[in-house]
Amino acid sequence: MQFRLANKNINIEYIPEIFSLKIKTNGSDVVWSWACAGKVRLGGGEEIDLSGAVCESKPYKVGTVDGVKAVYSNICDAKGQVRNFSVETFVGIDEASEQLRVQAWTVGDGYGEIDALVYPPRM
């Protein structure tokens, strides 16, 4: 699902299912975009690309930040086994500061299971 977020300074086109985020600031011809999907680095060093996960997204508002919450589940490791955790993300624009906000966190992972969450991806 494609989402559009905007204020007087920022225009965002976001499709969380395919990790597509394009940011354009007013007064500039430069468009920033993600170069790849997010990743999870497990405690043993294995990296799992989130592009194979199931994504559910919806509009979401937290305080003065209006945006999109996406939940990535059914995340498979290199052996094809579904892991017991999910990754939740939020992309939005803070109405008070007029700045972009990007957050990510894991839910359901065990102690030491995840070493790092690489999100947002490189731009």
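The values are calculated or read from the model by the stated rules, or taken from the named source; none is laboratory data. What you are looking at is a predicted structure, and each value in this text was computed from that prediction instead of being measured. Counting neighbours? That spans all protein chains shown, and the Cβs are built from the backbone with ideal geometry, glycine included. Protein only, heavy atoms only, side chains kept; ligands, DNA and RNA dropped before computing areas. Shrake-Rupley method; radii C 1.70, N 1.55, O 1.52, S 1.80 Å.
When MET1 is tested against the conditions (1) open to solvent by 60 Å² or more (accessible area, probe 1.4 Å); (2) in a loop (DSSP other than H, G, I, E, B); (3) free of Cβ contacts under 8 Å to residues at least 40 places away in the same chain; (4) not basic (Lys, Arg), the lone failure is (3).
Table: residues versus (1) at pLDDT 90 or above; (2) under 22 Å from VAL118 (Cβ atoms).
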residue: ILE23; (1), (2): yes, yes
residue: SER33; (1), (2): no, yes
residue: THR64; (1), (2): yes, no
residue: THR89; (1), (2): yes, yes
residue: SER97; (1), (2): yes, no
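The residues of region 64-80 that are polar (S, T, N, Q) and surrounded by 16 or more Cβ atoms within 10 Å (Cβ to Cβ) amount to a single one, SER73. Under the condition of being surrounded by fewer than 16 Cβ atoms within 10 Å (Cβ to Cβ) and in a strand (DSSP E or B), the residues counted in region 12-42 number 7. For the residues ALA78, ALA70, the requirement of being among the hydrophobic types (A, V, I, L, M, F, W, C), at pLDDT below 95 and either part of a strand (DSSP E or B) or farther than 14 Å from VAL102 by Cα (or both) singles out ALA78.
For GLU56, are the conditions met, namely being surrounded by fewer than 17 Cβ atoms within 10 Å (Cβ to Cβ) and either closer than 17 Å to GLN2 by Cβ or in contact with a Ser or Thr (Cβ under 9 Å, 6 or more places away or on another chain) (or both)? Answer is yes for this residue. Within region 81-97, no residue that is part of a strand (DSSP E or B) and loosely packed, with under 13 Cβ neighbours inside 10 Å sits with its Cβ atom under 7 Å from a residue that is among the charged types (D, E, K, R) and at pLDDT 95 or above at 6+ positions apart or across chains. Going through (1) closer than 16 Å to LEU117 by Cα; (2) open to solvent by less than 30 Å² (accessible area, probe 1.4 Å); (3) of a type in the set (Val, Ile, Thr) one by one, VAL102 falls short only on (2). So is GLY45 open to solvent by 70 Å² or more (accessible area, probe 1.4 Å) and in a loop (DSSP other than H, G, I, E, B) or not? When the stated conditions are applied, GLY45 does not pass them.
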